[in-house]
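What follows is calculated from the coordinates using simple rules that are stated; it is not laboratory data. From a predicted model like this one, the values you see are computed outputs, not experimental measurements. A quick note on method: Cβ atoms are made from the backbone with ideal geometry, for glycine too, and the neighbour counts reach across all protein chains shown.
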C-alpha cells in the first residue's frame, strides 16, 4: 500500500484550516499531520513533521507568509510549498513564486484544484491556477511601480500593503509584531523607493495595481 502524502496547513483562521483538512482527507491520498496559525509556528512544525508539502496562506500575523516561505526554504531548499490565498493579483503570485513557492492557487478555486495542485508540485512541476499570471490590467498599469514592489523585501511588502489598506503605523506594528519605530523606518524607505510623500499616495498605488479596493 502506498504511503500517504503528508501535509501541514498554515492559515490564521481555524475554520479555513478545518475546510482544508476536510477537502484533503476526502481523497484518502493526503494526510494532514499538523496545523499552524502563523509563520513562526509553521517553521517549527515543518522541522518537527518534515511533511511532503506545506499548504499555506500569505496573509498572517507575525512574520507573514512570504517570509515564512523564505525561512522554510533556507532550512530545506527542497521544501514544497503551495500557496492557497485569497489574493488573486499578479504581484502576489509573482512574489510568492520568487520567494520559492512551487504553486499558487486561490481560495475561490474549485475544490478539485487543491489536490490537483499538490499532485503537480510533488511531480516536480510548478502549478499556478489558470489565469493568475495573465491580467492585462496589471500588465498595463504601473509597470515601473510593480518593478519597485518586486524588489521589496517580504517585510517591506507587508508594511506597504497594510499602510495602503489604511492601518496606522502603530496598528501595523501590532499586527506584524514590530516596534513602532521600525515600522516608521520601513514606511520612510517605502515612500522613498516609490517616490511618494504620503500614505494616501501609497494607497493610490495599491489601488492601481489591484492590491486593494477604494
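Side notes on the structure shown:
- Computed from Cα atoms, the angle from the helix 14-25 axis to the main principal axis of the chain rounds to 40 degrees.
- Ellipticity estimate at 222 nm from DSSP helix runs (n ≥ 4, -39,500 (n - 2.57)) divided over the chain, nearest 500: -15500 deg cm²/dmol
- For segment 5-128, the alpha carbon positions stretch 32, 31, 29 Å along the principal axes, listed from largest to smallest.
- Mean separation of Cα pairs under 8 Å and 6 or more residues apart, divided by the residue count, gives segment 136-208 a relative contact order of 38 percent.
- With respect to the chain, whose longest principal axis is taken over its alpha-carbon atoms, helix 90-99 is tilted by about 60°.
- Across the chain, Cα pairs under 8 Å and at least six residues apart give a relative contact order of 15 percent.
- Distance between modelled label sites at residue 50 and residue 165, nm, 7 Å Cα→Cβ extension: 3.6 nm
- Taking the C-alpha atoms only, the angle from helix 180-194 to the longest principal axis of the chain is near 80 degrees.
- Between residue 75 and residue 185, full extension at 0.36 nm per residue minus the direct alpha carbon distance yields a gain of 36.7 nm.
- Inter-part distance where segment 82-134 and segment 1-15 are each reduced to a Cα centre, Å: 16 Å
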